[in-house]
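One structure below.
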Amino acid sequence: MPVPKKEDWMTIAEEFRQHWNFPNCLGSIDGKHVNIQAPSKSGSLYFNYKGTYSIVLLAVVDARYRFRVVDVGAYGRRSDGGTLASSKFGKALQNGRLDLPEDRLLPEAEHLGCQPHVFVADEAFPLQRHLMRPFPGPTSPEGTGYSITDSPAPG
């Protein structure tokens, strides 16, 4: 599966803006442990935190839940964040080689200046320039982790 190019990322970002009111979003990243029978002589490589043996499927989906990037086969002992860091996609993201769109102004928040395009992920992933995750600790009673438009911050 080819990694999207800049034009593809721009289309994905526009779909996130239109469908989810989330500008500058390029996709949602998550990992899924797929249970397997432990390969012989593999030791603890495939043994995961759930107490089973697995490989990890790491994926990026777009605003319409379509797979855009898939990485399969990481050892089950790895966390989602570790799987991303060791994947070809994760290395390209970290090294700035994904041909992402340039930073852009956020609608109704121009005073913040240009902001990077981001992928959203859960707390298993590290916070990075192009990787947004929930704020650690307690969240609002509604449990909204990424809401900018509902923020009571003065403007």
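Hey, could you check the range 100-155 for residues that are touching a Ser or Thr at 6+ places or on another chain (Cβ under 9 Å) and open to solvent by 60 Å² or more (accessible area, probe 1.4 Å) and say which is modelled with the highest pLDDT? In this case the residue turns out to be GLU108.
Residues in the range 71-88 that are assigned to a helix (DSSP H, G or I) and either within 14 Å of ASP122 (Cα to Cα) or aliphatic (A, V, I, L, M) (or both): ASP80, GLY81, GLY82, THR83, LEU84, ALA85. The residue pairs whose first member lies in the range 81-99 and is over 12 Å from LEU57 (Cα atoms), whose second member is assigned to a helix (DSSP H, G or I), and whose beta carbons are closer than 6 Å, counting only pairs six or more residues apart or on different chains, are GLY90/LEU84; LEU98/ALA92; ASP99/LYS6.
Whether a residue is β-branched (Val, Ile, Thr), open to solvent by 40 Å² or more (accessible area, probe 1.4 Å), more than 17 Å from the chain's Cα centre (by Cα) and modelled with pLDDT under 95 was assessed, and VAL72 does not pass this test.
Looking at PHE89, PHE16, PHE22, which one is touching a helix residue (DSSP H, G or I) at 6+ places or on another chain (Cβ under 6 Å) and not acidic (Asp, Glu)? Before you say what the answer is, go through the steps one by one.
Values: PHE89 fails: touching a helix residue (DSSP H, G or I) at 6+ places or on another chain (Cβ under 6 Å); PHE16 fails: touching a helix residue (DSSP H, G or I) at 6+ places or on another chain (Cβ under 6 Å).
Exactly one of PHE89, PHE16, PHE22 is touching a helix residue (DSSP H, G or I) at 6+ places or on another chain (Cβ under 6 Å) and not acidic (Asp, Glu), namely PHE22.
TYR65 meets the conditions (1) of a type outside the set (D, E, K, R); (2) open to solvent by less than 20 Å² (accessible area, probe 1.4 Å); (3) modelled with pLDDT of 95 or more; (4) part of a loop (DSSP other than H, G, I, E, B) in every case but one. The failed one is (2). Are there any pairs, at least 6 apart or on different chains, whose C-beta atoms fall under 9 Å, with the first in the range 112-131 and farther than 14 Å from GLY81 by Cβ and the second part of a strand (DSSP E or B) and of a type in the set (D, E, K, R), and if so, which? Matching pairs, first to second residue: CYS114/ARG104; GLN115/ARG104; PRO116/ARG104; HIS117/ARG104.
The values are calculated or read from the model by the stated rules, or taken from the named source; none is laboratory data. Nothing here was measured: the structure is a model prediction, and the numbers come from that model. Because the Cβ atoms are built from the backbone with ideal geometry, glycine has one as well, and the counts that use them run over all protein chains shown. Ligands, DNA and RNA are excluded from the accessible area calculation, which covers all protein heavy atoms including side chains. Shrake-Rupley method; radii C 1.70, N 1.55, O 1.52, S 1.80 Å.
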